[in-house]
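**Student:** A single structure is presented below for examination.
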Amino acid sequence: MKNTQQLARRIEVASGRVKADLVLKNANVVDIFCHRVIKCDVAIADGIIVGLGQYDGLNNVDCSGKYVMPSFFDTHLHFESSMSTPNHYLWEALAKGVTTLNADPHEIANVCGKEGIDYMIDCTADSPIDVNFMLPSCVPATPFEHGNAVFTAKDIKEMFATGKFFGLAEMMNYLGVIYADKEVLEKISTASICDGHAPQLAGNQLNAYLCTGIVSDHECESVEEVYEKVSKGMYVMIREGSQTKNLSTLIGAINDFTKRRLMFCTDDRYIGEVVESGTIQNCVIKAVEKGIDIYDALTIASLNAYECYKIPNKGAVSINYRADLIVADDIVPRNILQVYKNGKLVAENGKSLYTPKKVDDSKVTNTVRIKPLTASKFLPKFTPNKTPVMQILKDTVVTKTIYTDSTEGLNMCAAIERHNATGNIGTCWVKGFNLKNGAIAQTVGHDSHNITVLGDNTEDMLLAVNALGSEGGMALVVNGKVEYVFKLDIAGLMSSKNTHEVIAEHHTLMEKTKALNINPEIEPYMLLSFLSLIVIPEIKITDRGLFDVAKFNFFEE
């Protein structure tokens, strides 16, 4: 219900009879509705834009020569993939123009259950960013691997009733949807908003998936896939993360007919890249560099997302819209000077103006528990031209199934259960990493986050796994020596250290990893984390064995 006194005050300010709380003077206002720049003042009262014209305020900020535009909305991300905790991530993202985001904490949920989600929510308490937590819908993602938590439909309903969640996170169990699994449908019925995860779904299968009211998808790999999903009512997220870089391909899908059904997201983006080039800011800049109109790029980065998620009066510099704004020195926001949230200055010159919250992490540490292993466990079977081999590809986490006549040029890979020391281990051969003289191992392994290790000899693979210890993280072994361990003490997924330290340690790891001569076209650790994600085509590894995603079952030995 609207407050009449508040409305009356806004009218007084808008009419010029009363001073505004804040006026951004002499600004170049980016009008995304009419695709033009208006030179005027922006008057703000009660956190709302009430005037575009000539105004005086209690606080006047000269914006001569500067551009005022709507701030950004990252529509789908996992904090865990940044390797930084949410409190530190948000501090960096805010300075890069993000004031709203949808966060799916299903990574930590698979490791630490409800306590993991509570930890993530607690981390965001002091941030000016609107963090819409999406309740993980698929914990575990499938029944074909071993994680450390299970969220039933009953659990989902009880958790959603707490009021902590904005909607239901990506529904990865698309086969469960298509075949009308009762448990899956009960989960979807819990929330009015449900994000999708529908890689390569088309035709009648896509129709069946969309009958549930699932609103979005971030897994498109082609322009044709975007067209079909948009034509059937979906909003499509154009994703630009650290390993999954879909923008260059999907840019061809942006036209006058599709542009109002598209959004940007990062999904999985390392904190160092956030600091260096932002998140949605990076998407906008890249889109413009590839020929997309700046007004369209900003609309995709802001207004479309708010409309998709039915959040009114946000995403534009217009009357009665929330004053969530960016001030930049050019219409293409390569250099963000200021960020305003609800009309308050919250970031300036690349620095957020608040202190990230310190959070108790005692319930989400020391999460790695494995049985003692021997090197022989890591050796996969191989029959020439009969054993399936996982072929990795550039700029995507999609993999292909191939067959080879020898193991020349292949690496060994294994997934090891790490939550309850079951001793489960699955092995396979991988082509495309080109790793030589060592091994890498990590406790980041979507979505159950077991240990994944890849190497060219089993002794170094064993060393790398054991080097992870009880905290977990990323380990590098070169020629029989543990060269570096990047500790991720929070659930084996994130570092509790500050952003500067995380970036420095990750940089050291990446520099030392060069000794293995890995394919320079891939981000090895980010890609390794997705080799176990069995809801992405077409061949993946789990702690139970090699998985055929198309058949949604294990390969026969």
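The values are calculated or read from the model by the stated rules, or taken from the named source; none is laboratory data. Since the structure is predicted, the reported quantities are computational estimates derived from the model, not experimental observations. Counting neighbours? That spans all protein chains shown, and the Cβs are built from the backbone with ideal geometry, glycine included. Ligands, DNA and RNA are excluded from the accessible area calculation, which covers all protein heavy atoms including side chains. Shrake-Rupley method; radii C 1.70, N 1.55, O 1.52, S 1.80 Å.
**Student:** Can you divide the C-alpha Rg of the stretch 279-385 by 2.2 N^0.38 Å and report the result to two decimal places?
**Tutor:** Taking the Cα Rg and dividing by 2.2 N^0.38 Å, one obtains 1.79.
**Student:** Mind jotting down the three principal axis lengths of the chain based on Cα atoms? Whole angstrom, largest first.
**Tutor:** 81, 49, 45
**Student:** Let me ask another. In whole percent, what relative contact order does the chain give with Cα contacts below 8 Å and a gap of six or more residues?
**Tutor:** About 15 percent, as a whole number.
**Student:** Right, something else. Any idea of Met494's accessible area? Nearest 10 Å², probe 1.4 Å.
**Tutor:** Approximately 0 Å² of Met494 is accessible to the 1.4 Å probe.
**Student:** Count the DSSP beta bridges whose two residues both fall in the stretch 113-250, then state the antiparallel fraction as a percent rounded to the nearest 5.
**Tutor:** Around 10 percent of the beta bridges assigned by DSSP in the stretch 113-250 are antiparallel ones.
**Student:** Students sometimes get this wrong: rank Ser231, Ser84 by accessible area, probe 1.4 Å, all chains present, largest first.
**Tutor:** Ser231, Ser84
**Student:** So, one more: How much of the accessible area of the stretch 270-331, probe 1.4 Å, is carbon plus sulfur, in whole percent?
**Tutor:** Roughly 45 percent of what the probe reaches on the stretch 270-331 is carbon or sulfur.
**Student:** On the full set of protein chains, 1.4 Å probe, figure out the accessible area of Lys66 and give it in Å² to the nearest 10.
**Tutor:** 70 Å²
**Student:** Where the centre of each part is set by its Cα atoms, how far does the stretch 39-89 sit from the stretch 388-414, in angstrom?
**Tutor:** Between the Cα centres of the stretch 39-89 and the stretch 388-414 lies a distance of 46 Å.
**Student:** Using +1 at the C-beta of Lys and Arg and -1 at the C-beta of Asp and Glu, which of Ile541, Thr100, Ala439 has the Cα lying farthest in the positive direction of the dipole of the chain?
**Tutor:** Of the candidates, Thr100 comes out farthest on the positive side.
**Student:** Shifting gears a bit: Could you check what % of the DSSP bridge pairs in the chain are antiparallel, to the nearest 5?
**Tutor:** 70 percent
**Student:** Here's something else I'd like to know. Have a look at Leu325, Ala297, Ser362 and report the one farthest towards the positive end of the charge dipole of the stretch 296-375, computed about the Cα centre with Cβ charges (Lys/Arg +1, Asp/Glu -1).
**Tutor:** Highest projection toward the positive end goes to Ser362.
**Student:** Moving to a separate point now. Placing one identical point scatterer on every Cα of the stretch 161-294 and ignoring solvent, what is log10 I(q)/I(0) from the Debye formula at q = 0.16, 0.18, 0.19 Å⁻¹?
**Tutor:** For the stretch 161-294, the Cα-only Debye profile gives -0.85, -1.02, -1.09.
**Student:** Check the straight Cα-Cα distances from Lys157 and name the lysines below 17 Å, setting aside those fewer than 8 residues away within the same chain.
**Tutor:** Lys114, Lys182, Lys187
**Student:** Quick check: convex hull of the Cα atoms in the stretch 230-273, volume per residue, rounded to a whole Å³?
**Tutor:** 75 Å³
**Student:** Taking the Cα-to-Cβ direction at Lys164 and at Asn204 and moving 7 Å from each Cα, how far apart do the two end points lie in nm?
**Tutor:** 4.2 nm
**Student:** Further question: Please calculate how many Å² of accessible area the stretch 308-391 carries per residue, with a 1.4 Å probe and no DNA, RNA or ligand atoms counted.
**Tutor:** 52 Å²
**Student:** Give me the distance between the Cα centres of the stretch 490-518 and the stretch 99-153, rounded to whole Å.
**Tutor:** Centre-to-centre (Cα) distance: 23 Å.
**Student:** Using DSSP, restrict attention to beta bridges with both residues in the stretch 1-152 and report what percent are antiparallel, rounded to the nearest 5.
**Tutor:** Bridges in the stretch 1-152 that DSSP calls antiparallel: roughly 50 percent.
**Student:** Same structure again: If you roll a 1.4 angstrom probe over the protein chains with everything in place, what fraction of the accessible area of the stretch 1-140 belongs to carbon and sulfur, to the nearest %?
**Tutor:** Of all accessible area on the stretch 1-140, carbon and sulfur atoms account for 47 percent.
**Student:** Percent relative contact order of the stretch 1-137, based on C-alpha pairs within less than 8 angstrom and at least six residues apart?
**Tutor:** Reported as a whole number, the value is 19 percent.
**Student:** Now for a separate question. So what is the calculated 222 nm ellipticity per residue for the chain, using -39500 (n - 2.57) for each DSSP H run with n of 4 or more, over all residues, to the nearest 500 deg cm²/dmol?
**Tutor:** About -7000 deg cm²/dmol.
**Student:** When ranked by the protection proxy of mean other Cβ atoms within 10 Å per residue, highest first, what sequence do the peptides 424-430, 123-129, 445-451 form?
**Tutor:** 445-451, 424-430, 123-129
**Student:** Take Ala421 and Lys182, extend 7 Å from each Cα along the Cα→Cβ direction, and tell me the distance between the two endpoints in nm.
**Tutor:** Modelled inter-label distance: 3.8 nm.
**Student:** Tell me, what is a quarter of the convex hull surface for the C-alpha atoms of the stretch 410-557, in nm² with one decimal?
**Tutor:** Directional mean of the projected Cα hull area for the stretch 410-557 stands at 8.5 nm².
**Student:** Rank Ala208, Gln338, Val465 by how far each Cα sits towards the positive end of the charge dipole of the chain (+1 on Lys, Arg Cβ; -1 on Asp, Glu Cβ) and give me just the farthest.
**Tutor:** Gln338
**Student:** Treating only the Cβ of Lys, Arg, Asp and Glu as charged (+1, +1, -1, -1), what charge dipole size does the stretch 414-460 show about its Cα centre? Round to the nearest 20 debye.
**Tutor:** Magnitude of the dipole: close to 100 debye.
**Student:** Roughly speaking, what is the centre-to-centre gap between the stretch 419-448 and the stretch 202-250 when only Cα atoms are used, to the nearest Å?
**Tutor:** Using only Cα atoms to place each centre, the spacing works out to 29 Å.
**Student:** Carbon and sulfur: what percent of the stretch 393-476's accessible surface (1.4 Å probe)?
**Tutor:** Looking at the stretch 393-476 in its full context, I get 45 percent from C and S.
**Student:** Rounded to the nearest whole Å², what accessible area per residue is found for the stretch 428-550 with the 1.4 Å probe?
**Tutor:** 30 Å²
**Student:** Report, in debye and to the nearest 20, how large the dipole of the stretch 116-237 comes out about its Cα centre when Lys and Arg carry +1 and Asp and Glu carry -1 on their Cβ.
**Tutor:** Using Cβ point charges on Lys, Arg, Asp and Glu, the stretch 116-237 gives about 400 debye.
**Student:** State to the nearest 20 debye the size of the charge dipole of the chain about its Cα centre, where the only charges are +1 on K and R beta carbons and -1 on D and E beta carbons.
**Tutor:** 820 debye
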